[in-house]
Amino acid sequence: RKEVEQDPGPFNVPEGATVAFNCTYSNSASQSFFWYRQDCRKEPKLLMSVYSSGNEDGRFTAQLNRASQYISLLIRDSKLSDSATYLCVVNPPGGGNKLTFGTGTQLKVEL
Amino acid sequence: GAGVSQSPSNKVTEKGKDVELRCDPISGHTALYWYRQRLGQGLEFLIYFQGNSAPDKSGLPSDRFSAERTGESVSTLTIQRTQQEDSAVYLCASSFNSNQPQHFGDGTRLSIL
């Protein structure tokens, strides 16, 4: 089993749609969780951290379910500019913040 | 302020040559990380520096790979006797400390002919 698993997509959605991505992780002792965004041939950029209580940043909502070991990202009112690959990222136990990345879920927002 | 800076942006070299990649972290960031991303794949952790502690080299794929960092500043990743499977984007990231989110540079796209 991969340490971090994501559906690669692509998810093709119309502008204005709501879309959700899930991610599962294998190590139950993982300490922190993030969503990064990566545009084609660009570096990953931090989108948001994921907290146990759930957190929201504008149109983006992230949730963590430790019991089921999954993380979700919800994007409301999607924009063309949201088209990118979304990387689920986990900080496993052991310290050092050596992040483990999923292979990403590709989102394409269309007119 | 300035972000993480990497150089060169692109590097093409022949199999068997040595290459050196450079990373300038964000000023004040004590933690520095190197990752590799092969085409169509996720990022793989290579090595981690935290302050003046011994680096965590657990992700380096072979002894052809090495990295150095001077204090809390520039880091260089060296690949000796490059092989075609070394072709990838090499990404550097830094964070204020090991508990904070990481910020990435643009990467060095390495192509081995």
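Charged neighbours of residue B:36, selected by a Cβ distance under 11 Å, balance to -2 (K, R count +1; D, E count -1).
The Cα atoms of segment A:50-111 cover 45, 24, 19 Å along the three principal axes, with the biggest extent listed first. Which loop trypsin sites (Lys or Arg not before Pro) in segment B:60-106, with loop taken from DSSP, have no more than 14 other Cβ atoms within 10 angstrom of their Cβ? Taking segment B:60-106 and a limit of 14 other Cβ atoms within 10 Å, the loop trypsin sites (Lys or Arg not before Pro) found are B:64, B:81. In segment B:38-80, taking the dipole from charged Cβ atoms about the Cα centre, the farthest positive-side position among B:51, B:61, B:40 is held by B:40.
Remark: relative contact order (chain A) = 37 percent; criterion is Cα-Cα distance under 8 angstrom and separation of 6 or more residues. Close amide-amide hydrogen proximity is noted between residue A:108 and A:11, A:12, A:13, each under 5 Å apart and 5 or more residues distant or on a separate chain (H modeled in the peptide plane; Pro and chain starts excluded).
Computed over every Cα-Cα pair of chain B and binned at 5 Å starting from 0, the pair-distance distribution P(r) comes out as 2, 13, 24, 27, 19, 10, 5, 1 percent.
Coordinate-derived values only; no laboratory data. None of these values were measured; they are calculated from a predicted model. Note: ideal-geometry Cβ built from the backbone for every residue, glycine included; neighbour counts use all protein chains shown.
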